[in-house]
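Scroll down for the structure; my scribbles are underneath it.
All of the numbers you see were taken from the coordinates with simple rules; none came from a lab. From a predicted model like this one, the values you see are computed outputs, not experimental measurements. Counting neighbours? That spans all protein chains shown, and the Cβs are built from the backbone with ideal geometry, glycine included.
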Amino acid sequence: MFNKRVRIKEVLEGDLLNREITVMGWVRTFRNNQFIALNDGSTNSNLQVVLELGKFDESLLKRITTGAALKITGILVASLGKGQKVELKAQKAEVLGDSDAEKFPLQPKKHSLEFLREIAHLRFRTNTFGAIFRIRHSLAFAIHQFFNQKGFVYLHSPIITASDAEGAGETFHVTSFDLENPTKNEDGSINYKEDFFGKPTNLTVSGQLEAELAALALGDVYTFGPTFRAENSNTARHLAEFWMIEPEMAFSDLEDDMNLAEEFIKYIIKYILENNREDLDFLATRLTEEEKQKPQNERSEMRLIEKLEFVTNNDFERLTYTEAIEILKNSAANKKKKFQYPVDKWGIDLQSEHERYLVEKHFKKPVILINYPKEIKAFYMRQNDDGKTVAAMDILAPGIGEIVGGSQREERLDVLEKRMREMNIPVEEMNWYLDTRRFGTVPHAGFGLGFERLMLFVTGMTNIRDVIPFPRFPKNAEF
RNA sequence: UCCUCCCUAGCUCAGUUGGUUAGAGCAUCUGACUGUUAAUCAGAGGGUCGCUGGUUCAAGUCCAGCGGGGGGAGCCA
């Protein structure tokens, strides 16, 4: 067997002192022709490997360059140096894979995130991205664990769908036609009947409608998978391919929905605070260093770990859209005309600057806004008795804005159909969805949470392209 | 898609009112040193100044178009 190695995480944390062990990893730095900082991805920390002077061939030492892969067998001893507790005194050293130092783009120095984004296939080899993707794994695991503990069923909603009815955004078309020469009708239009699915299809923009179908049979379900939007959004908060978590609960109202969302966010953040402390500490330090470049008033008030602990330890602020409008309308910022979009009347959609004011200036904590005007929300949200608002809720987080969007769903068939007609949604095509309201409809609610937005919040990173391994965005599908 | 800033060595950046042979730090290479921690010291190599066109005696520098990137906005998760 080739892989008889000990992971560096275990070497550093375990009880292996004075034992002979074999490690494998990649060279981060090689100092003094003696000291190798070796990293194998199991932890943010490197293992110091010591090559005794004169014991190894000059030809081997020359091949130990930044990025090279090594297999080292030696004795783990207490370190003679100050930077680490233990070090591996090498007996055998083997280069598994060479790395030409003149060509390897990563150097033992700081690199900009913009540069690393252009070499996304190699950025896993850096401390920052190692930490990010270990945290991403932990978050995904914690999400499944949370829902599993609560008795939710993990639903695999389809990637390819024929419905674009939710209106969540522009879709990517799916076809097996030769785009240069599609089958056409006599009038020149494309003949979708001859296409693979016999009708126009697209990549999913949301699994919610399918989750509702399942929830009205299985009770509580959640989806966790990729979604695709062909929006021409060029921002640090949008991707064309991103992952969403969408729980859906039967026999539940808006308050149940809010409670679930808040408990969920606190649970998964607590999980990584307990399980990814080293990586979080590294990212926290990175963030603090980065913010030293910024003017005082743009720096965060809390350090990353503090912020995460604050979120797990404090209740989210809950208020209605109407209350939020009043706060904004009467705010000093609004009166001094500091907002680019002044808040003058009920019914306006909240802009980024308004959300940021509420979360970062007024409440200084996550905020749940409920009961939005029906005109600015989706057709499936349940209408409140006032006739003006719907039972929607958005959770706004410091630094990133909307992180969760959810609602109690309209379970009354007549009300739902009426609303669909008002909003020009093809009722006939949605019969499969409406059947849930025809046969044993019940109050139900759910929400959608953007996984990468959650990653931004948790890691303190500011560009969404840095928290997904291979980002997809307009004019870019590298790797 | 809109606004705005940027694109000079492998990376991060200087480059004066347009003017001789385009610089620095880090990285890389060579040598020295050898318990280092982003090692240190000495030396060397490394450039289509994003691309295309224009103005000019002369363009890294000015103008236009295109491409790429950052920040902000819209759409949203």
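Hull volume per residue, based on the alpha-carbon atoms of chain A and their convex hull, is 204 Å³.
A protection proxy built from the mean count of other Cβ atoms within 10 Å ranks the segments A:305-311, A:153-159, most packed first, as A:305-311, A:153-159. For A:T29, the residues 5 or more places off, or on other chains, whose built amide H falls under 5 Å of its own are A:A37. Here's how it looks for A:T43: its modeled amide H is under 5 Å from those of A:K9, which are all 5 or more places away or on a different chain. Along segment A:132-143 the Karplus relation, 6.51 cos²θ - 1.76 cosθ + 1.60 evaluated at θ = phi - 60°, assigns HN-Hα couplings of 4, 7, 5, 5, 4, 4, 4, 4, 4, 5, 5, 4 Hz to successive residues, with x for each Gly and Pro. Compared with the dominant principal axis of the Cα atoms in chain A, helix A:254-275 is inclined by about 0°.
Charge dipole (Cα centre; +1 on Lys/Arg Cβ, -1 on Asp/Glu Cβ; no other charges) of segment A:8-108 amounts to roughly 200 debye.
The H on the amide N of A:I400, modeled in the peptide plane, is under 5 Å from the matching H of no residue at least 5 residues off or on a different chain. If you sort the three axes of the alpha carbon gyration tensor as a ≥ b ≥ c, you get a/c of 1.5 or more for segment A:198-309 and a/b no higher than b/c, which makes it oblate.
Which of rounded, prolate or oblate describes segment A:8-108 when judged by the alpha-carbon gyration tensor and an a/c cut-off of 1.5? Prolate is the answer for segment A:8-108, as a/c is 1.5 or above and a/b outweighs b/c. Helix-only arithmetic for chain A: the sum of -39500 (n - 2.57) across DSSP H runs with n ≥ 4, divided by the residue total, places the mean residue ellipticity at 222 nm at -9000 deg cm²/dmol.
Annotation for A:K62 and A:Y154: the two label points, set 7 Å from Cα along the Cα-Cβ direction, are 5.1 nm apart. On the basis of the beta-carbon distance and an R0 of 22 Å, A:W346 and A:K418 show a calculated FRET efficiency of 0.45.
In this label model, A:L273 and A:L113 are separated by 2.3 nm, measuring between points 7 Å along each Cα→Cβ vector. Cross-linked pairs A:K103/A:K292; A:K9/A:K92; A:K193/A:K377; A:K9/A:K364: Cα-Cα separations exceed 30 Å for A:K103/A:K292; A:K193/A:K377; A:K9/A:K364.
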